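The values are calculated or read from the model by the stated rules, or taken from the named source; none is laboratory data. Note that this is a predicted model, so its numbers are computed, not measured. Heads up, the Cβs are rebuilt from the backbone with ideal geometry, glycines too, and the neighbour counts pull from every protein chain shown.
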Amino acid sequence: DATGRLEILQIHTKNMKLADDVDLEQVANETHGHVGADLAALCSEAALQAIRKKMDLIDLEDETIDAEVMNSLAATMDDFRWALSQSNPSALRETVVEVPQVTWEDIGGLEDVKRELQELVQYPVEHPDKFLKFGMTPSKGVLFYGPPGCGKTLLAKAIANECQANFISIKGPELLTMWFGESEANVREIFDKARQAAPCVLFFDELDSIAKARGGNIGDGGGAADRVINQILTEMDGMSTKKNVFIIGATNRPDIIDPAILRPGRPDQLIYIPLPDEKSRVAILKANLRKSPVPRMWTWSSWLK
């Protein structure tokens, strides 16, 4: 966890000269999924970056380095940020783990949905003491449903960013293979990676492709689809709130999802993502054009009509 990573960072930087702006606690919070070897490599890369910036002041042919230059060689917070941008945790190299840069400002409209997501996901992360005080158990996940192209993936990325969590996106069909037992193994692997990357938002796009109601899969003689659903349910049940993994599913067909997926303790909250009305379309345009030059006399509503 972050406390353990901080202790490891303190050990590996005890012989390093650090600038005053270096905040190891912040570095520890941003290094989700890093093990001891990854953190050691991170510190080494930050130190090397500090040296690279001073290379023009160092005479490589001279056997000694000027004392003034030596005193100025200190790893800064920018060096650690650069090293972090180059770092790829060893435990997560086989899975695309993303740290989203999407914010609420990037999403036009959907104010009610944003508020509901903040209450379900963001508040439990930011105020766990209050939930503990009142004996409340945060939701483990939500299911987005609605027409395609209305912002379901973008909302999932935004809530991951607001919670400072990693983001793993999986399309349902990617988990399915023709080999016996391999689809279930893929499900186990994805959930294992999410636990290692915690805090993490695990996003299942096209959930209906792998979570159709059991017993209704015509032509599935071996029961492969049912076994995949059973494995998903098992993994969801083993995902306690302490694991810091939040599950979001997205579908255009909530009517064919297996009812067991939506039982309490699983992604039990359904959130409808509607087609944007005129007010929402204006907000979407403003969000997408906020960094672009727009004429002063531009009238959004008349243009939409």
Query raised in the report: Limited to the range 273-290, what total is found for residues that are under 16 Å from residue 103 (Cβ atoms), surrounded by 12 or more Cβ atoms within 10 Å (Cβ to Cβ) and of a type in the set (Lys, Arg)?
Result: 1
Query raised in the report: Do any helices (runs of 4 or more DSSP H) entirely within the range 210-305 hold 2 or more residues that are out of contact with any Ser or Thr (no Cβ under 8 Å at 6 or more places or on another chain) and modelled with pLDDT of 75 or more, and if so, which?
Result: 224-237, 278-289
**Report entry** Tabulated pairs, the range 251-272, first touching a residue at least 24 places away in the same chain (Cβ under 8 Å) and in the same structural domain as residue 214 (by the TED database), second surrounded by fewer than 18 Cβ atoms within 10 Å (Cβ to Cβ) and in a strand (DSSP E or B), C-beta under 8 angstrom, 6+ apart or interchain
**Finding:** 254/270; 262/270
**Report entry** Hits in the range 142-187 - residues which are buried (at least 20 other Cβ atoms within 10 Å of the Cβ), under 23 Å from residue 252 (Cα atoms) and under 14 Å from the mean Cα position of the chain (by Cα)
**Finding:** 155, 156, 157, 158, 159, 160, 167, 168, 169, 170
Query raised in the report: Among the listed residues 64, 13, 95, which satisfies the condition of being at pLDDT below 75 and surrounded by 12 or more Cβ atoms within 10 Å (Cβ to Cβ)?
Result: 95
Query raised in the report: Is there a residue in the range 127-141 that is in contact (Cβ under 8 Å) with a residue 24 or more places away in the chain, outside any loop (DSSP other than H, G, I, E, B) and either over 18 Å from the mean Cα position of the chain (by Cα) or more than 18 Å from residue 261 (Cα to Cα) (or both)?
Result: no
Query - Subset of the range 16-27 that is over 12 Å from residue 40 (Cβ atoms) and more than 25 Å from the chain's Cα centre (by Cα) - its residue that is surrounded by the most Cβ atoms within 10 Å (Cβ to Cβ) - result: 18
